[in-house]
Amino acid sequence: MRERRPTLIAPSILSADFGALAGDVRAVDEAGAEWIHIDVMDGHFVPNITMGPAITAAVGRATDRLLDVHLMIEAPERYLEAFAEAGAQVLTVHWETCPHLHRTVQQIRELGARAGVAINPATPVHLLRDIVEELDLVLVMSVNPGFGGQSFIGRSLDRIREVRAMLDNVGSSARLQVDGGVTPDNAAAVAAAGADVLVAGSAVFGHPDGPAAGVRALRAAASQTALRRV
Ligand code: DX5
Ligand code: ZN
């Protein structure tokens, strides 16, 4: 049985206050969030436009935490170098946007970043079978990408279990990240299903007591898994 690693918290700055971004990033950093999730959208692959390498570099000046860049853009290979130079340490591309995925993953690693692949809610998990051993991260989208504040798609729990089984079967040490609608209400179930990185935007930056409380609430909820597992 694979040894479970502690669950990492990755606040998505899509839900942060863009007018006070550095302060929000420092707040989640000081609350112990291990990663900062940066949602890049191009208005083509997803119906929203957000941020790019300049914001990534600005976030990197506000924190030493790992910069986890989620590329919801067409032809992401065009921008890998720019995001790597901006400080991205994880670069996640969507399976749906990469006809030459094996080459794109190689490009990410040649840039010195960790390579992640995301799958949308209707993209079958088995499509990762022939690339999974090359990955440092698999991202299971539990909402349709494009916006924060959406509800968790319940079917995602089975998909998380399926990815966890796939990773364990090949002895992969890749991280299993879940992104979209993650809250303290479902964090224990998401972690128990096999996730070890939880992305949360609205649950963190929309928390009534502020982002630091949001991180702490999510961590406490996710740790309930450990108790349940014992
Ligand atoms: C959606 C993004 C998610 C989103 C998460 O396309 O990839 O990272 O910001 O936000 P919440 O946690 O509010 O669903
Ligand atoms: Zn994301």
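The values are calculated or read from the model by the stated rules, or taken from the named source; none is laboratory data. Owing to the predicted nature of the structure, the values given are computational and were not obtained by experimental measurement. Cβ: placed from backbone, ideal geometry, glycine included. Neighbour counts: every protein chain shown. For the accessible areas, the whole protein counts, side chains as well, though only heavy atoms, and no ligand, DNA or RNA atoms are used. Shrake-Rupley method; radii C 1.70, N 1.55, O 1.52, S 1.80 Å.
Taking the criterion of being buried (at least 21 other Cβ atoms within 10 Å of the Cβ) and aliphatic (A, V, I, L, M), the residues of region 144-165 that qualify are I160, V163.
Among the residues of region 99-111, those identified as surrounded by 19 or more Cβ atoms within 10 Å (Cβ to Cβ) and closer than 14 Å to V132 by Cβ are L101, V105. What about Q224, is it touching a Gly at 6+ places or on another chain (Cβ under 6 Å), free of Cβ contacts under 8 Å to residues at least 60 places away in the same chain, polar (S, T, N, Q) and open to solvent by 40 Å² or more (accessible area, probe 1.4 Å)? No: the conditions fail for Q224.
The residue that is least open to solvent (accessible area, probe 1.4 Å), among those in region 112-121 that are away from ligand 1 (no atom under 16 Å from the Cβ) and under 15 Å from H37 (Cβ atoms), is A113.
In region 181-206, the residues that are among the aromatic types (F, W, Y) reach residues that are open to solvent by 10 Å² or more (accessible area, probe 1.4 Å) and within 9 Å of ligand 1 (Cβ to nearest atom) with C-beta atoms within less than 6 angstrom, at least six apart or across chains, in these pairs: F205/S15. Within region 24-56, the set of residues being away from ligand 2 (no atom under 13 Å from the Cβ), out of contact with any Ser or Thr (no Cβ under 6 Å at 6 or more places or on another chain) and open to solvent by less than 40 Å² (accessible area, probe 1.4 Å) comprises D24, A27, V28, A31, G32, A33, D42, G43, G52, T56. With respect to H70, is the statement that it is touching a strand residue (DSSP E or B) at 6+ places or on another chain (Cβ under 9 Å), open to solvent by less than 20 Å² (accessible area, probe 1.4 Å) and in contact (Cβ under 8 Å) with a residue 60 or more places away in the chain true? So H70 fits the description; yes. Restrict the check to region 179-188 and report whether at least one residue is within 17 Å of G32 (Cβ to Cβ) and not in a loop (DSSP other than H, G, I, E, B). There is at least one residue in region 179-188 that is within 17 Å of G32 (Cβ to Cβ) and not in a loop (DSSP other than H, G, I, E, B). Whether any residue in region 180-192 is open to solvent by 30 Å² or more (accessible area, probe 1.4 Å) and within 16 Å of ligand 2 (Cβ to nearest atom) is what I want to check. Yes, because at least one residue in region 180-192 is open to solvent by 30 Å² or more (accessible area, probe 1.4 Å) and within 16 Å of ligand 2 (Cβ to nearest atom). Among the residues of region 161-179, the ones that are touching a helix residue (DSSP H, G or I) at 6+ places or on another chain (Cβ under 8 Å) and under 30 Å from D17 (Cβ atoms) come to 2 in all. Among the residues of this structure, A84 counts as one that is open to solvent by 10 Å² or more (accessible area, probe 1.4 Å), part of a helix (DSSP H, G or I) and farther than 29 Å from G210 by Cβ.
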